[in-house]
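Below is one structure, written out as structure tokens, with a few remarks after it.
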Amino acid sequence: MELLNKHGYQPLEYTSVLYREIGSGVAPADPAIRVRIVDAKTEGKLWADTAARGWAREQPDLMDFLRDLGTVNAARVNPLCFLAEIDGQPGATGDMLIHNRTALFAGASTVPEMRRRGLQYAMLAARMQHALDHDCDLAMMCAAPGSASQRNAERHGFRIAYTRVKWERQTS
């Protein structure tokens with residue numbers, strides 16, 4: 001770390017990388033919550049808008065960027081973009097990538113007015129089931145250290161594998 005600092009690098013972000021065996025999945029979620037994979041061609045904008053609304057609470061000045069990023073995520077090849085709804089109202093997003101029997105859960109976001117209603121648990125349960133159905137044996141995800149996302153993941157069997165540090169070189 002001292003050598004990186006000496007050469008102008010500073011920590012930009014710390015991330016807990018978490019994992020768990022998929023085994024038999026997780027307990028079923030609230031049946032009032034519907035989680036489904038969206039059709040990226042017809043619902044990509046809905047998914048991107050919902051994701052951006054969830055993320056923008058922490059960074060409201062990044063709303064346009066977050067919406068654009070969500071649009072790119074939804075449009076990639078073979079996207080697995082999940083949307084959680086209560087009474088037909090979209091409230092949470094998540095996506096998933098599968099590689100070599102490992103499912104990477106990413107993009108978890110819940111719109112502020114629908115938080116604390118079980119949407120992210122339902123999202124986790126749906127993605128775990130999808131991974132199980134596609135012969136995955138390991139799930140992983142990333143979260144800010146000590147965050148509500150990390151605590152939620154740990155409540156559902158995820159454990160920290162390591163803490164990742166992203167570095168940025170200062171130009172001034």
In nm, to one decimal, how far is the T42 label point from the D30 one, both placed 7 Å along Cα→Cβ? 2.8 nm
If one builds a Gaussian network model of the chain from Cα atoms under 10 Å apart, the most fluctuating residue listed among E85, E21, E113 is E113
Using 0.36 nm per residue of separation minus the Cα-Cα distance, give me the extension gain between L3 and W167 in nm, one decimal. 57.8 nm
How far apart, in nanometres, would the label points at R116 and D64 be if each is projected 7 angstrom from Cα along the Cα-to-Cβ direction? 3.4 nm
For n ≥ 4 DSSP H runs only, could you compute -39500 (n - 2.57) per run for the chain, divide by its residues and tell me the 222 nm figure to the nearest 500? -10500 deg cm²/dmol
Just for the chain, what percent of DSSP beta bridges are antiparallel, to the closest 5? 90 percent
For the chain, report the translational diffusion coefficient in µm²/s to the nearest whole number, using Stokes-Einstein at 10 °C, 1.306 mPa s, and a Kirkwood Rh over Cα pairs. 94 µm²/s
Please list, in order along region 115-127, the HN-Hα scalar couplings obtained from phi with the Karplus expression 6.51 cos²θ - 1.76 cosθ + 1.60 (θ = phi - 60°), rounded to whole Hz, x for Gly and Pro. 6, 6, 10, x, 5, 6, 5, 4, 4, 4, 4, 5, 5
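Every number in this text was worked out from the coordinates using simple rules, so none of it is lab data. The model shown is predicted, which means the values in this text are computed figures rather than measured ones. Note that each Cβ is placed from the backbone with ideal geometry, even for glycine, and that neighbours are counted across all protein chains shown.
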